Amino acid sequence: MTPVFKLHKIIKRYGQREVLHIEEINIHGQKICAILGPNGSGKTTLMRIMGLLTRNDTGTVNILGEDIHWGKEQLLKLRRQMTMVTQTSFMFEGNVYDNVAYGLKIRRMPERGIRAAVEKSLELLGMSAFIAADARNLSGGERQKVAIARALAVEPRVLFLDEPTANIDPQSAVEIERHVRFINRELGTTIILVTHNLFQARRLADEVFFMWDGKMVERGSAKDIFEQPQDERTRSFLSGETVF
Amino acid sequence: MDIIIQGLKEGLMLVWSMDPKIIQITLVSLQVSLSALLIAACLGIPLGAALALKEVPGRRLFLNITYTFMGLPPVLAGLIVYLVLTTRGPLGQFQLLFTPTAMICAQILLAFPIICGLTARTVMAQRQEVYDTAVTLGASRRQAAWAIIRESRMGIIAALTTALGRLVAEVGAVMLVGGNIEGSTRVLTTSIVLETRMGEDSRAIGIGIILLVISFSIIVLINLLEKRSFKNDAGIQIT
Ligand SMILES: Nc1ncnc2c1ncn2[C@@H]1O[C@H](COP(=O)(O)OP(=O)(O)OP(=O)(O)O)[C@@H](O)[C@H]1O
Ligand SMILES: [Mg+2]
């Protein structure tokens with residue numbers, strides 16, 4: 001089976017600074033992959049390149065078997081199959097319904113189908129009561145839940161989650177984890193997850209990538225990385241110490 | 001002090017009496033300024049949005065020039081249009097000087113930089129987050145651009161009302177290229193100048209009141225538009 005993502009010798013610079021330098025990443029379909037690493041290590045940047053939001057400076061990206069040449073049609077075709085819940089959970093002006101419906105509206109789904117899909121998504125996240133609420137007035141956690149519902153509504157093949165439970169209370173977080181696992185198992189959605197919650201990574205992930213200073217210093221099954229980290233930086237990160 | 005109170009009284013009477021001359025002047029004012037606003041908006045909103053969204057060469061420079069022209073003195077805008085439309089000017093053959101058309105041209109020159117510049121700014125302030133969110137939900141570039149503009153609509157409405165306020169209130173440009181001709185190019189601001197000069201203080205005050213009422217109506221209009229798109233207008237909470 002061809003991998004969903006194949007990244008080769010990827011470099012991304014901002015000004016003079018190299019913020020990402022990846023030799024090789026292959027991610028196979030229908031997996032849950034967690035990206036771990038300290039702040040500023042390049043997790044979001046890596047995710048944005050895979051999600052076709054940020055263009056890499058050198059190297060090749062291959063998604064779902066297609067070499068990315070950043071042409072308009074190719075981008076749109078692939079973007080229609082991937083969705084990202086960004087770190088900020090930006091809400092469009094309007095109510096919760098408008099927000100969750102957005103992805104379906106631009107796909108020109110008939111109105112009746114949209115309503116049903118929106119209600120279903122909100123229900124999954126326990127946010128049905130907020131359907132008519134002004135999206136800009138939601139609490140941080142509520143906003144994150146709506147952002148997840150909005151992403152799930154379009155039933156993507158690939159779902160990127162950038163710290164999806166950062167502002168979520170423990171019980172809701174467990175619920176969200178359950179749904180993430182559910183859509184992965186039942187719908188076969190590939191999930192790329194950035195998280196600072198090590199337990200969450202361990203509970204959810206089939207595979208873990210560990211980032212440090214723009215580089216991927218270790219990768220492996222969740223079990224291996226958590227039980228026998230090979231790289232010294234991974235080891236100290238997991239144990240909460242710092243390396244100098 | 002008496003002069004002012006007396007003037008205010010007579011001015012109010014004048015407004016109340018619906019003097020046909022004054023109504024005609026008010027209509028010319030509104031017609032000129034609203035036409036100029038409409039044309040400037042049709043040009044300025046798309047261009048401002050495009051400049052904010054697209055990396056084209058010379059974009060920074062163009063925006064900086066636009067920002068500079070936002071404060072263009074009206075009389076200078078008038079002068080530019082005057083030089084173009086005067087008999088010896090490049091468009092002199094059309095004999096547009098001292099017509100409402102000339103006034104509209106000068107006011108477009110005043111409104112365009114405000115609308116274009118403020119649209120560009122407000123679109124720029126939002127673009128990355130809105131773009132990312134739209135695109136990750138499957139939007140095409142065009143759909144994402146539309147989402148950004150939609151999210152910027154409050155800022156664009158503010159730009160339009162700022163421009164309209166300036167147009168209705170300015171005197172330099174319309175005086176220079178309109179010539180303050182009774183029944184044709186006389187507008188509210190130029191009549192105030194004229195009436196004051198002729199010692200008709202109370203008429204000047206009456207027209208001034210109409211001008212204020214128009215400005216106030218513009219404010220009310222923005223508030224209504226704001227409320228329609230911002231259901232929650234409670235504002236930020238400061239304690
Ligand atoms: N648009 C940008 N311009 C300049 N520098 C940037 C930009 N985006 C990211 N960076 C830099 O790139 C580095 C990696 O950023 P990134 O957002 O990928 O980190 P991260 O691993 O997601 O961190 P966090 O855990 O805090 O979310 C950071 O040092 C950041 O300052
Ligand atoms: Mg990040």
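Worth a mention:
- Residue match in region A:141-161 (condition: of a type in the set (Gly, Ala, Ser) and more than 11 Å from chain B (Cβ to nearest Cβ)): yes
- Per-region count, region A:184-201, residues part of a helix (DSSP H, G or I), away from ligand 2 (no atom under 16 Å from the Cβ) and buried (at least 18 other Cβ atoms within 10 Å of the Cβ): 1
- A:ASP67 within 15 Å of ligand 1 (Cβ to nearest atom), open to solvent by 70 Å² or more (accessible area, probe 1.4 Å) and either free of Cβ contacts under 8 Å to residues at least 60 places away in the same chain or outside the structural domain of A:ALA132 (by TED's automatic domain parsing) (or both): no
- In region A:70-89, the residues that are within 16 Å of ligand 1 (Cβ to nearest atom) and crowded, with 20+ Cβ neighbours inside 10 Å: A:MET84, A:VAL85, A:THR86, A:SER89
- Of all residues in region A:35-59, those that are within 13 Å of ligand 1 (Cβ to nearest atom) and either among the hydrophobic types (A, V, I, L, M, F, W, C) or within 14 Å of another protein chain (Cβ to nearest Cβ) (or both) total 13.
- One residue from B:ALA158, B:ALA173, B:ALA139, B:ALA144 being open to solvent by less than 10 Å² (accessible area, probe 1.4 Å), in a helix (DSSP H, G or I) and either within 14 Å of another protein chain (Cβ to nearest Cβ) or farther than 30 Å from B:ILE4 by Cβ (or both): B:ALA144
- Evaluated against (1) in contact with a helix residue (DSSP H, G or I) (Cβ under 7 Å, 6 or more places away or on another chain); (2) within 16 Å of ligand 2 (Cβ to nearest atom), A:GLU218 falls short on exactly one condition, (2).
- Residue that is modelled with the lowest pLDDT [pool: residues in region A:86-104 that are within 18 Å of the chain's Cα centre (by Cα) and within 8 Å of another protein chain (Cβ to nearest Cβ)]: A:THR88
- Counting only residues that are within 16 Å of ligand 2 (Cβ to nearest atom) and over 13 Å from A:THR195 (Cβ atoms), region A:21-37 holds 1 of them.
- Test: residue in region A:141-159 that is assigned to a helix (DSSP H, G or I), among the hydrophobic types (A, V, I, L, M, F, W, C), within 16 Å of ligand 1 (Cβ to nearest atom) and buried (at least 16 other Cβ atoms within 10 Å of the Cβ): yes
The values are calculated or read from the model by the stated rules, or taken from the named source; none is laboratory data. In this text the structure is predicted, and so the values were computed from the model without any measurement. Note that we place each Cβ from the backbone using ideal geometry, even for glycine, and neighbour counts take in every protein chain shown. Only protein heavy atoms, including side chains, enter the accessible area calculation; ligands, DNA and RNA are left aside. Shrake-Rupley method; radii C 1.70, N 1.55, O 1.52, S 1.80 Å.
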